[in-house]
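Worksheet for the structure shown next.
The values are calculated or read from the model by the stated rules, or taken from the named source; none is laboratory data. It should be emphasised that the depicted structure is a prediction, and the values quoted were computed from it without experimental measurement. Using ideal geometry, Cβ is built from the backbone for each residue, glycine included, and neighbour counts are taken over all protein chains shown. Note: accessible area is taken over every heavy atom of the protein model, side chains too, but ligands, DNA and RNA are not part of it. Shrake-Rupley method; radii C 1.70, N 1.55, O 1.52, S 1.80 Å.
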Amino acid sequence: MSETRPDTLDPLIDAEADLAPAPAVAAARRTLRAHPALLMAGIVLASLNMRAALAGVSPLMGEIGDHFHLAAAASSLVTTIPLIFMGLGSIAAPKLARRWGTEAVLCGALLLLCGGILLRVAPPVVALFAGCALVGTAIALLNVLMPGLVKRDFPDRAASMTALYSTTLILGATGSAALSVPLEDALGGWRGSLASWALLAAVAAVVWIPQAVIARRGTRHGRAAATPVPAAQSGPKLTRSPIAWQVTLMMGTQSLVAYVCIAWMPTVFTDHGMSKSEAGMVYAFYTLVQMAGSFVVPMVAGRLRDQRALGAGVVVLMAAGVTGLLTAPVEGAWVWATLMGVAQGGLLGLALTLMVLRTRDAHTASRLSGMAQTWGYLLASVGPFAIGAVHQATDSWTLPIALLLVACAALLLLAMGAGRDRKI
């Protein structure tokens, strides 16, 4: 099943193709690579950091807004700004990896993440937003480079390592959401809670430092051994392909729904009378059950020639959860969180799988992945701000949640297009 996993999708393939090493270079790099146990520890720790800094904000959004006297729309920028820079950072990641090496960029991204997390809790409000930009940029680098690293260094176990990486990513988000309020109580406020995740990023960076050094030595050795060869042809023009845009917009729309939930789900619950602690636990459960969808749906999708029925089923599951959130947010909170969580994980897994199934070769798949991540995150960045602005204008959650049903309708149409048995 490795051909259906997201480890085949990463734009890192493009970065390495642009400067493909001759056999002597590849051999030199293999002899100067970190021990697999150290590499696996680095992958796990980096994956834990890829959502924790974002998920930990959601249960504290009310306190952050109250502290800085921010309206709902302005508060949503805490989630929106990282998404914008996740899209922009995705463009730069392959170029940075080509120039400095994947391990060095990953290490630098973790240090940048640590700095961004600490900057977010500095006193002036401008530091909050500047820190959010750094956090988004750092996560973009991790997003783009990590799957390609798994594919490169574990080619015979790429599927299992990708499962480990994606599961750890969700666990990081779950733990951050669940611990956010207890850490606030233990550390004296929201600043202490948010700042605590800088320690996790710092530990991960420490593990990647020796790997960056080893990889750099391998690169120097390889350059002395051989000369790079040119890259392959660029392939079809993706921006002229309807299927490429359908996959891209599907990725972006499901990300939009996901980050609206990250930004506002706990606030919806607390505004309807749920305690802040329980709201944080429901949200953490929502992130946890995403693992079920993200594991099962890609496995099923890879065994089907046409994924339209599967996509429709997952979207209907999401719409059912959103409808419940609209009609009885507190009474059925755990049920809605289950439906939305499984569907959200399934939609992400399906979007990633379609990047492989709708392309004819790994090079085109990696280019489609880069297109989908860049435009997808930029589209997703509109969601939290727009929902916050509508909530502020109406002083109600009815219309904002109803807009998520509109997004579900769009996802259904996109799934019908992207799920067809077609190739770019």
request  = Just read off the accessible area of E331 with the full protein assembly in place, 1.4 Å probe, to the nearest 10 Å².
outcome  = 150
request  = Output the peptides 122-131, 342-351, 383-392 sorted from most to least packed, where packing is the average of other Cβ atoms within 10 Å over each peptide's residues.
outcome  = 342-351, 383-392, 122-131
inquiry  = So, taking all protein chains as they sit and a 1.4 Å probe, how much accessible area belongs to D421, in Å² rounded to tens?
reply    = 60
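Tell me whether the stretch 36-137 comes out rounded, prolate or oblate; compute the Cα gyration tensor, take square roots of the eigenvalues as a ≥ b ≥ c, and use a/c under 1.5 as the rounded threshold. Please report the intermediate quantities before stating the final value.
Details: a/c = 2.57, a/b = 1.90, b/c = 1.35.
Judged from the Cα gyration tensor, the stretch 36-137 comes out prolate (a/c at least 1.5, a/b above b/c).
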inquiry  = Probe radius 1.4 Å, ligands and nucleic acids left out: which of F154, F295 has the largest accessible area, and how do the rest follow?
reply    = F295, F154
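What does the charge dipole of the stretch 57-208 about its Cα centre add up to, to the nearest 20 debye, if the Cβ of each Lys and Arg holds +1 and the Cβ of each Asp and Glu holds -1?
On the way: 8 positive and 7 negative charges, 124 e Å.
Rounded to the nearest 20 debye, it is 600 debye.
Over the stretch 74-217, what percent of the accessible surface lies on carbon and sulfur atoms, probe 1.4 Å?
Numbers: 3750 of 5010 Å².
Result for the stretch 74-217: 75 percent of the exposed heavy-atom area is carbon or sulfur.
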Dimensionless Rg over Rh [the stretch 286-424; C-alpha; Kirkwood] = 1.00
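Compute the accessible area per residue over the stretch 234-320, keeping the other protein chains in place, probe 1.4 Å, unit Å². Could you put the intermediate results ahead of the total?
Working: 3460 Å² over 87 residues.
Accessible area per residue, the stretch 234-320: 40 Å².
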Apportionment of accessible area to carbon and sulfur, the stretch 336-391, percent (1.4 Å) = 76
key: Shape call, the stretch 257-345: gyration tensor on alpha carbons, a/c limit 1.5   = prolate
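Kindly state, to the nearest 0.05, the FRET efficiency for D271 paired with R217, given R0 = 51 Å and r defined as their beta-carbon distance.
On the way: r = 55 Å, r/R0 = 1.08.
The calculated FRET efficiency here is 0.40.
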